[in-house]
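The values are calculated or read from the model by the stated rules, or taken from the named source; none is laboratory data. Quick caveat, the model's predicted, so the values are computed rather than measured. Note that we place each Cβ from the backbone using ideal geometry, even for glycine, and neighbour counts take in every protein chain shown. Keep in mind that these areas ignore ligands, DNA and RNA; they rest on the heavy atoms of the full protein, side chains included. Shrake-Rupley method; radii C 1.70, N 1.55, O 1.52, S 1.80 Å.
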Amino acid sequence: AWVALARQQVNQLTPEWEMKMEYILQSPDRLTFDAPDRIAAACQAEGVRLHGHALIWYSQGEQAFAGFDRAHFARAFDRYIAEVAGRYRGKVVSWDVVNEPIAEDGNGLRDSHWSRALGADGYMIRAFEQAKLADPNAVLFVNDYNLENNPTKGATFLRTVERLLKAGAP
């Protein structure tokens, strides 16, 4: 009954965990795609759009990227996005490229291993550039939450998006 209802009511699916780095990135050189491949295949079979969530999240990937110098870090960052977004090119209609970059209280951006290695805006711009290269037709998003309930966070989010667009992030 649930499947029948979903077929009738759902036209887009967003996986909660299976497309996140924590699941896909097993080690710097080993990615696993079994669950996201099954989800993508099911979406295609059912004619449901797939929204990818999320390529880069402040809370994931730190251990896998630990100890890299800046050049190695940047190459691994680019490769991860290219492999994941590229694998689902034409299967994913959109991506949350950067997930939750705004500080919880809304006062600026979160500190993360991404921002420390590639710059506060730099990692986000780079992530959008790499995602666009990997899948030129996907719609790309910055994703965050509690923006409507925290005016400071909402305003910081809008300023961040404006800055990224002004810097040329796709």
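Out of everything in the range 122-144 that is open to solvent by 50 Å² or more (accessible area, probe 1.4 Å) and touching a strand residue (DSSP E or B) at 6+ places or on another chain (Cβ under 7 Å), what residue ends up being nearest to GLN12 (Cα to Cα)? Ranking the qualifying residues of the range 122-144, first place goes to VAL139.
Could you list, in sequence order, all residues of the range 15-45 that are closer than 21 Å to ASP144 by Cβ, in a loop (DSSP other than H, G, I, E, B) and open to solvent by less than 70 Å² (accessible area, probe 1.4 Å)? Residues satisfying the conditions are PRO15, GLU18, MET19, LYS20. The set of residues in the range 145-170 being open to solvent by 80 Å² or more (accessible area, probe 1.4 Å) and of a type in the set (D, E, K, R) consists of GLU148, ARG159, GLU162, ARG163, LYS166. Residues in the range 125-148 that are in contact (Cβ under 8 Å) with a residue 60 or more places away in the chain and not in a loop (DSSP other than H, G, I, E, B) were compared, and the one that is nearest to ALA54 (Cα to Cα) is ASN143.
Residues that are closer than 17 Å to ALA138 by Cβ and touching a strand residue (DSSP E or B) at 6+ places or on another chain (Cβ under 9 Å) do occur in the range 56-76. Of all residues in the range 12-27, those being in contact with a Lys or Arg (Cβ under 9 Å, 6 or more places away or on another chain) and either hydrophobic (A, V, I, L, M, F, W, C) or closer than 22 Å to GLY67 by Cβ (or both) number 1.
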